[in-house]
Amino acid sequence: MNSSPLPIVRDVAGLRAVVRDWRRAGARVGLTPTMGALHAGHLSLVRAAKERCGKVVASLFVNPRQFGPNEDFDRYPRDEAGDAALLAGAGCDLLYAPDRTAMYPAGFATSVTVADVSAPLEGEMRPHFFSGVATVVAKLLLQTMPDAAFFGEKDYQQLLVIQQMARDLDMPIAIIGCPTLREQDGLAMSSRNAYLNAEERRIAGRLNHILHDAIKAFRNGDPLVGVESEAARHLVAAGFSKVDYVAIRDAETLAAPAAGRACRILAAAWLGKTRLIDNMAV
Ligand code: PAF
C-alpha cells in the first residue's frame, strides 16, 4: 500500500500543469470527483479510474451550490488529511482541493441546468441540487480534461444527469458509472451514514431489503402504484420518519416504466435528520 503523502494542488493552473506533464509522458487520465468524507465506495472509483486510465486525479470540494439553505453544508464531515491518506493508499496520483473562492471567484455568474432527467424524484425534493452538481462537475471536467470521470451508481439520478450534460455539451470525456458498495447488512455506503446513531443505523439496513421485496412484487406482476406505496409503508413501519419517494422508473429516462425497457427502483427516506437514498436495477 502506498502510504507516501499525496501531492495536492489547489488551483486550476497547478492542476493543468500536472495533467499536461502526464499527457506528455503518454498517460491517460481519470478523474474521481468527491466531496471528501471518503469511504470504500469512493476508493472503488479511484481503483476503477486507475485500472482504466493509469493516472488518477481525485477532487475534494464540498460544493455549496448543491446544498439547500436548510441542508447539511455546515456539518458535512471534513477531513482532508484522512482523505488524502486513503486516496494515496488506493493509488490516486493527485488530489485537487480548491477552496470556495478558487472554484467560485467573485463575479461568478454561470449555472448549468440539465432539463428532463433532472426534474423528477431528487429534482422535486431538492430543486437546487442538480444545477449545483452540473455546474461544479462541468467545471471539474473542464479544469481537468480527463479521458474519463467516475461516479457511483449510488447517486443514480446524478449519474444520468452528468451523462446527459457531457453528451449535450460534446465533452470528449467518458462518464463511467461504478456499482454501489454496500455494508454487510446491504446498506449502501454513504458519507452521510456517519450521521446515524446506533438505532438509526440498525433501521437504515432495512432500506435495501424493502427495495428488494418491492422488486420481487413488481416482477410478480403486482401493480406499480401498489408496489411503490407498499414499500413506503414498510419503510415507515421499519422506523423511517419520512419517505420522500419510492419509485420504479425507466432506467435511462426516469419516466414511467414501459414494457421491454430496463427499469430501476429508487428511494429516498429520512431517519431523524439524516436523508438516505438508494437504488437498484429491477
Ligand atoms: O456525488 C458527489 O459526491 C457530488 O455530488 C459530486 C459529484 C462530487 C459533485 O459535488
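Values quoted throughout were computed directly from the atomic coordinates according to the rules given, and no laboratory measurement underlies them. Remember, predicted model here, so these are calculated numbers, not experimental data. Positions of Cβ are generated from backbone atoms using ideal geometry, with glycine treated the same way; all protein chains shown enter the neighbour counts.
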Computed helical MRE - 222 nm, the chain, DSSP H runs ≥ 4 contributing -39500 (n - 2.57), nearest 500: -12000 deg cm²/dmol
Determine, from the Cβ-Cβ distance of residue 192 and residue 24 and an R0 of 41 Å, the FRET efficiency 1/(1 + (r/R0)^6), rounded to the nearest 0.05. 0.55
Separation of the range 96-148 and the range 14-63 by C-alpha centroid, Å? 18
Could you sort out which of 55/139; 50/154; 55/273; 154/273 sit more than 28 Å apart by Cα distance in this structure? 55/273
Please check the chain for the longest run free of trypsin sites (Lys or Arg not before Pro) that are loop-located per DSSP (anything but H, G, I, E, B) and have at most 13 other Cβ atoms within 10 Å. 79-260
Within 10 Å of each candidate Cβ there may be at most 16 other Cβ atoms; applying that plus a DSSP loop requirement, which chymotrypsin sites (Phe, Trp or Tyr not before Pro) in the range 25-102 survive? 73
Percent RCO, i.e. relative contact order, over the chain, from Cα pairs under 8 Å lying at least 6 residues apart: 17
Using the Karplus equation 6.51 cos²θ - 1.76 cosθ + 1.60 (θ = phi - 60°), what ³J(HN,Hα) coupling, rounded to whole Hz, does each residue of the range 211-222 give in order, writing x for Gly and Pro? 5, 4, 4, 5, 4, 4, 4, 5, 5, 6, x, 5
Would you kindly state the longest site-free stretch of the chain, with sites defined as GluC sites (Glu not before Pro) in a DSSP loop (not H, G, I, E, B) surrounded by at most 16 other Cβ atoms within 10 Å? 72-182
With no solvent term and unit scatterers on the alpha-carbon positions of the chain, Debye gives log₁₀ I(q)/I(0) at q = 0.09, 0.10, 0.14 Å⁻¹ of -0.44, -0.54, -1.05
Local charge sum around residue 23 (other residues, Cβ-Cβ under 15 Å, Lys/Arg +1, Asp/Glu -1)? +2
Suppose R0 equals 22 Å; then what is the FRET efficiency for residue 11 and residue 111 from their Cβ-Cβ distance, rounded to the nearest 0.05? 0.50
One finds, for residue 241 and residue 39 with R0 = 41 angstrom and r their Cβ-Cβ distance, a FRET efficiency to the nearest 0.05 of 0.95
Estimated distance in nm for a label pair at residue 169 and residue 182, the labels positioned 7 Å out from Cα along Cα-to-Cβ: 3.4
